[in-house]
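Structure first, then comments.
The values are calculated or read from the model by the stated rules, or taken from the named source; none is laboratory data. Computed from a prediction, not measured in an experiment: that's the story for all the values here. Cβ atoms come from the backbone with ideal geometry, glycine included; neighbour counts cover every protein chain shown. Heavy atoms of the whole protein, side chains included, go into the accessibility calculation; ligands, DNA and RNA do not. Shrake-Rupley method; radii C 1.70, N 1.55, O 1.52, S 1.80 Å.
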Amino acid sequence: MAQIRRALLSVSDKTGLLDLAKALAAQNVELIASGGTAKTLQEAGYQVTPVENLSGKGEAFQGRMKTISFEIASSLLFRREDPQDIAQAKDLNIEPIDLLVVNLYPFHETLAKQGGFQECIENIDIGGPTLLRAGAKNFRSVTVLCEPAQYPQFISEFTESKGATTFEFRQKCAAQVYTMTAFYDLAIAGYLNQQAGAGLRYGENPHQKAFVLKDPFQEGLAHSRSLQGKEMSYNNYLDADFALKTLQDVHSWQGGKALPTAVVVKHNTPCGLALAETPLRALEKAWKGDEKSSFGGIIALNFPVTDELAAFFSEKFVEVILAPSFTDSAREKLKKNCRIMEVGTQAKNSWQVRSIEGGLLVQQQDTFDLSNMKVVTAKTFADDKKRLASFAMLAVKNLKSNAIAICSQDGPEFELTTMGSGQTNRIDCIEKLITSRLEDKKITDVSEVVLASDAFFPFADSVQVAAKLGVKYIIQPGGSVKDSEVIAEADRLGIAMMFTGRRHFLH
């Protein structure tokens with residue numbers, strides 16, 4: 001428990017402020033406040049210590065300077081459990097602030113009402129985020145409240161604990177602070193980027209505005225510059241990112257001696273994937289994975305683009321080519337409207353972020369791990385088929401759920417023969433997409449391919465449909481309550497099946 005004896009309050013939104021002050025005053029907490037907050041509290045009859053008593057100076061620059069000071073920041077930051085910090089705070093006449101209550105200038109609301117440029121700038125809060133981040137960093141001792149919705153829970157805990165808070169509560173509040181400041185800064189960054197003309201031509205559709213925020217802590221696709229062609233569009237970046245991540249997956253899977261690898265992506269889905277003994281063969285195989293879809297696609301390669309490869313594209317239209325490098329003569333031969341970008345093939349571990357209404361979903365990037373792969377049927381896999389099965393699982397990992405991939409092998413070379421993705425059930429992937437695409441490619445013998453599924457088969461019907469095609473090898477995560485029935489059906493049909501124990505949903 002951390003006892004609260006002094007509280008600093010500086011809020012633009014006064015909702016719930018007086019209820020909070022009442023609870024604090026009941027426990028004899030000293031109230032320190034700035035500007036309008038101090039006035040509101042004083043008018044309600046509360047005794048308030050003006051913030052300038054701590055900072056030594058009043059407001060300045062028409063309110064731009066209020067709470068930023070060495071004295072106030074020190075009151076929040078010094079470590080209460082550290083003897084050296086305690087001694088230095090005493091020497092500097094720094095008294096601890098145990099509770100910080102701050103909410104930020106209404107920048108989002110100013111944007112929403114389409115305020116003018118200068119109004120938006122003046123609603124960028126500086127002191128608030130500074131105090132919040134300082135208090136949150138020292139959450140072992142300091143409780144930080146950054147929005148009125150937190151007040152009722154705080155009052156309940158504070159009252160029940162007779163003027164204290166738990167470590168767990170303070171840590172939760174600290175996380176909320178950094179979440180708030182992240183969104184706050186994101187809105188400011190987006191606004192200033194747009195005002196500075198740094199946005200993309202448009203978003204997913206022409207009526208949507210868009211921009212790229214470049215992570216200053218990690219290099220990646222966002223930092224790469226198109227060496228020729230038009231500027232990258234929003235959709236170009238989405239597809240290029242997907243192509244690059246798929247390429248990096250396959251490149252890493254191969255280990256130290258990686259064969260030339262090519263990936264073709266269309267509308268955020270790999271429609272071609274191959275690794276072969278020469279760059280040209282890898283490119284040709286990947287392109288033929290789905291020639292119709294390859295037109296207008298995004299290409300990612302783990303090898304330099306030379307004259308020979310540039311000639312391959314002479315009669316083909318692609319939006320973007322990603323590769324480690326391009327020779328000068330290859331660049332001359334490539335169509336001038338084709339965007340080309342130099343990128344690395346080393347995968348990076350990062351958080352994935354997707355927006356939903358009112359927030360962001362954040363998750364670790366999906367990783368590939370076959371350490372728990374095992375044969376679960378009477379019929380087994382030869383060693384070369386196990387390697388093909390792992391490639392097939394890698395291919396299906398990067399397809400949109402529900403997904404099925406059929407992959408084949410020719411000596412050391414592997415390719416995505418065909419696939420079905422983005423369906424609401426796995427049967428449709430096989431019956432409606434895989435079957436028709438095999439017919440289009442005039443492939444009748446699939447006895448040596450491996451069929452991979454991104455998630456478990458909920459029923460034995462997927463095995464039955466695969467068997468009708470002639471499939472003899474299947475790899476899937478397993479984990480269904482009906483796994484035993486699925487395995488029994490595979491045994492009855494003479495199909496070898498492996499479980500990986502790891503699902504790869506991709507939405």
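Given a Förster distance of 35 angstrom, what is the FRET efficiency for residue 49 paired with residue 109, based on the Cβ-Cβ distance and rounded to 0.05? Could you put the intermediate results ahead of the total?
On the way: r = 30 Å, r/R0 = 0.85.
With R0 = 35 Å, the Cβ-Cβ based efficiency is 0.75.
How large are Rg and Dmax for region 336-413 when calculated on the C-alpha trace, in angstrom?
Here Rg and the maximum Cα pair distance are 17.8, 56 Å.
Rank 251, 504, 108, 207 by accessible area, highest first, at a 1.4 Å probe radius? Can you show the working numbers first?
Details: 251 45, 504 5, 108 90, 207 150 Å².
These residues rank, largest area first, as 207, 108, 251, 504.
Please state, rounded to one decimal and in Å, the Kirkwood hydrodynamic radius that the chain gives when every pair of distinct Cα atoms enters the mean of 1/r. Show your work: numbers first, answer last.
Details: mean 1/r = 0.0370 Å⁻¹.
It works out to 27.0 Å.
If you count, for each residue, the other Cβ atoms within 10 Å and average over each peptide, how do 1-10, 236-245, 264-273 line up from highest to lowest?
Working: 1-10: 19.2, 236-245: 21.5, 264-273: 24.6.
Going from most to least packed, we get 264-273, 236-245, 1-10.
Quick one: accessible surface of residue 487, probe radius 1.4 Å, all protein chains present, in square angstrom to the nearest 10.
The accessible area of residue 487 comes to roughly 30 Å².
Per the Kirkwood definition applied to all pairs of different Cα atoms, how many angstroms is the hydrodynamic radius of region 73-120?
Numbers: mean 1/r = 0.0733 Å⁻¹.
About 13.6 Å for region 73-120.
For region 238-282, state the average projected area of the convex hull of the C-alpha atoms over all orientations, rounded to one decimal in nm².
Values: hull surface 11.7 nm².
Averaging across all directions leaves 2.9 nm² for the Cα convex hull.
Can you tell me what the convex hull of the Cα atoms of region 377-483 projects to on average, as an area in nm²? Please list the in-between numbers first.
Values: hull surface 25.6 nm².
That works out to 6.4 nm², a quarter of the Cα hull's surface.
Just the number, please: carbon plus sulfur as a percent of the accessible area of the chain, 1.4 Å probe, no ligands or DNA/RNA counted. Provide the component values of the computation, followed by the final result.
Values: 12600 of 25120 Å².
Heavy-atom surface of the chain belonging to carbon and sulfur, 1.4 Å probe: 50 percent.
Based on the mean of other beta carbon atoms within 10 Å per residue, what is the order of 313-326, 369-382, most packed first? Mind dumping the intermediate values first?
Numbers: 313-326: 17.4, 369-382: 13.9.
Result, highest mean first: 313-326, 369-382.
Three principal axis extents, largest first, for the C-alpha atoms of region 180-301, in Å?
Answer, in whole Å and largest first: 49, 33, 26 Å.
Report the full-extension gain for the segment residue 360 to residue 187: residue separation times 0.36 nm, less the Cα-Cα distance, to one decimal in nm. Please list the in-between numbers first.
Values: separation 173, 0.36 × 173 = 62.28 nm, distance 1.31 nm.
Here the answer is 61.0 nm.
For Cα pairs less than 8 Å apart in space and 6+ apart in sequence, what is the mean separation divided by the residue count of the chain, i.e. the relative contact order in percent? Don't skip to the answer; put the middle values down first.
Values: 946 pairs, mean separation 45.3, N = 507.
With pairs under 8 Å counted, the relative contact order is 9 percent.
Using bins 10 angstrom wide from zero, how does P(r) for region 148-203 break down, in % of all Cα pairs?
Per 10 Å bin, starting at zero, the Cα-Cα P(r) for region 148-203 comes out as 20, 32, 19, 16, 11, 3 percent.
Using per-residue counts of other Cβ atoms within 10 Å, averaged over each peptide, order 357-363, 48-54 from highest down. Mind dumping the intermediate values first?
Details: 357-363: 8.6, 48-54: 17.3.
The peptides rank, most packed first, as 48-54, 357-363.
Accessible area, 1.4 Å probe, largest first: how do 137, 288 sort?
Per-residue accessible area, sorted high to low, gives 137, 288.
If you stretched the chain out fully between residue 349 and residue 288, how much longer would it get, using 0.36 nm times the residue separation minus the C-alpha to C-alpha distance?
Working: separation 61, 0.36 × 61 = 21.96 nm, distance 3.09 nm.
So the chain would gain 18.9 nm between residue 349 and residue 288.
Measuring with a 1.4 Å probe in the full set of protein chains, what accessible area per residue, in whole Å², belongs to region 445-484?
Accessible surface, normalised per residue, equals 37 Å².
Considering the dipole of the chain built from charges on the beta carbon (Lys and Arg +1, Asp and Glu -1) around the Cα centre, which of 449, 210, 9 is farthest to its positive end?
449
Largest first and in whole Å, give the semi-axes of region 1-131's equivalent ellipsoid, each being the square root of 5 times a Cα gyration tensor eigenvalue.
Numbers: eigenvalues 149, 71, 35 Å².
After diagonalising the Cα gyration tensor, the semi-axes are 27, 19, 13 Å.
In debye, nearest 20: dipole of the chain around its Cα centre with unit charges on the Cβ of K, R (+) and D, E (-)?
On the way: 56 positive and 60 negative charges, 60 e Å.
Here the size comes out at about 280 debye.
Run the 1.4 Å probe and let me know the accessible area of residue 183, rounded to the nearest 10 Å².
The accessible area of residue 183 comes to roughly 80 Å².
With the crude spin-label approximation of a point 7 Å out along Cα→Cβ, what separation in nm comes out for residue 19 versus residue 223?
With each label placed 7 Å out from Cα toward Cβ, I get 4.8 nm.
Counting every Cα pair in region 63-189, what percent are over 18 Å apart?
Values: 4619 of 8001 pairs.
More than 18 Å apart: 58 percent of the Cα pairs in region 63-189.
Specify the inter-centroid distance of region 394-430 and region 182-199, based on alpha-carbon positions, in whole Å.
39 Å
Length gain on complete extension for the stretch residue 196 to residue 65, per 0.36 nm per residue less the alpha carbon to alpha carbon distance? Numbers along the way, then the final one.
Working: separation 131, 0.36 × 131 = 47.16 nm, distance 2.61 nm.
Taking residue 196 through residue 65 to full extension adds about 44.6 nm, to one decimal.
Take the Cα gyration tensor of region 300-378, multiply each eigenvalue by 5, square-root it, and list the three semi-axes largest first, rounded to whole angstrom. Mind dumping the intermediate values first?
On the way: eigenvalues 247, 97, 33 Å².
Result for region 300-378: semi-axes of 35, 22, 13 Å.
Divide by every residue of the chain the summed helix terms, -39500 (n - 2.57) for each DSSP H run of at least 4, and state the resulting mean residue ellipticity at 222 nm, rounded to the nearest 500 deg cm²/dmol.
-11000 deg cm²/dmol
Taking only protein heavy atoms and a 1.4 Å probe, what accessible area per residue, in Å², does region 35-86 have with all protein chains in place?
On the way: 3310 Å² over 52 residues.
That works out to 64 Å² per residue.
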